[in-house]
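Participant: To start, I am sharing the structure in question, which I have written as structure tokens.
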Amino acid sequence: MSDKIADLAARRAQKIRAKARKCPICRKPAVEASRPFCSERCRKIDLDHWRSEAYRVPVEEVPDADTVSPKAPEDG
Ligand SMILES: [Zn+2]
């Protein structure tokens, strides 16, 4: 393997990593202070999303043995 190719690959990876730093909320370039977001506002938006989603997830989802039946004979 050539060192040149390895160097090139490393540089390429660095470039991609730098490019990937975008705000997941509004896709603007992220800033160091609020990484990975572009601003504190977007960070808060993401946090709110995350929290509302966490609340939406049912704490316990136990399927009812009575309601869940493979076949319900309703003719008769
Ligand atoms: Zn943003």
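Participant: Under 18 Å Cα to Cα from K4, which aspartates and glutamates show up? Leave out anything in the same chain fewer than 8 places away.
Facilitator: Cα-Cα hits under 18 Å: none found.
Participant: Return the long-range amide H neighbours of K22 (sequence gap of 5 or more, or a different chain), with a cut-off of under 5 Å between placed amide H atoms.
Facilitator: A30
Participant: Next question. Can you spot the aspartates and glutamates whose alpha carbon is less than 18 Å from K28's alpha carbon? Ignore those fewer than 8 places along the same chain.
Facilitator: Qualifying aspartates and glutamates at Cα under 18 Å: E40, D46.
Participant: When we measure straight from the Cα of K44, which aspartates and glutamates land under 20 angstrom away, once same-chain ones fewer than 8 places off are left out?
Facilitator: Within the straight-line cut-off, K44 pairs with E32, E53.
Participant: Further, regarding this structure: Between V31 and R56, take the C-beta separation as r, use R0 = 30 Å, and let me know the FRET efficiency to the nearest 0.05.
Facilitator: 0.50
Just so you know, all these numbers are worked out from the coordinates, no wet-lab data involved. Only a predicted model underlies this, so the values are computations on that prediction, with no experimental measurement involved. In this analysis, Cβ positions are derived from the backbone assuming ideal geometry, glycine residues included, and neighbour counts consider all displayed protein chains.
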